[in-house]
Amino acid sequence: MSDNHLPPAASSCVSYNPGHRVHWIQARKSWEPDQPCIAVSVTVHADGIIDLHAKDLDITMWTHGHELERLGRRRGGVIAWALWLPRFHVLSVNGTLFNLATPEDCTECLRDDDDLPEHAGETAVERALRHARERGGFTVRASDLNQE
């Protein structure tokens, strides 16, 4: 895995694709009733690679977030208890949600490019559509939709 997948700060990535930021809809849907919820232990490796372990479960996943790596380092590389919500590929550690991807499905982090000249004339709707296409999702302030 190349270092290109790891941004200097996870907050600088604007992607909602698997392994990147958790979108608020993804977070909400992952906690709906009747969703699978598996108690797991997590082994944290370098470069965003993590192993999830439970009875009858051993899978390797990836996330760009440095926060999970920091949590693992403080605990000797192992997080003893977390919740894996597989339907929406969400891992919950002490209430903090992480969006996971398989290592084969990890994608490059995306930087915010909204201030580039080629996007200067976009309406809020055009910007939201571009974000959905390029970033895997979007969030728009309601006040932005009232622009003319």
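The values are calculated or read from the model by the stated rules, or taken from the named source; none is laboratory data. Source: prediction; values computed, not measured. In this analysis, Cβ positions are derived from the backbone assuming ideal geometry, glycine residues included, and neighbour counts consider all displayed protein chains.
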task: Just give me the residues in the stretch 45-67 being within 16 Å of the chain's Cα centre (by Cα), at pLDDT below 90 and not in a loop (DSSP other than H, G, I, E, B), in sequence order.
output: 47, 48, 66, 67
message: Considering only the stretch 90-106, I want to know if a residue exists there that is loosely packed, with under 13 Cβ neighbours inside 10 Å, part of a loop (DSSP other than H, G, I, E, B), in contact with a helix residue (DSSP H, G or I) (Cβ under 9 Å, 6 or more places away or on another chain) and modelled with pLDDT of 80 or more.
response: yes
message: What's the total number of residues in the stretch 84-108 that are farther than 14 Å from residue 28 by Cα and out of contact with any strand residue (DSSP E or B) (no Cβ under 7 Å at 6 or more places or on another chain)?
response: 5
- request: Considering only residues that are surrounded by 11 or more Cβ atoms within 10 Å (Cβ to Cβ) and outside any loop (DSSP other than H, G, I, E, B), look in the stretch 1-23 and name the one that is modelled with the lowest pLDDT.
  value: 5
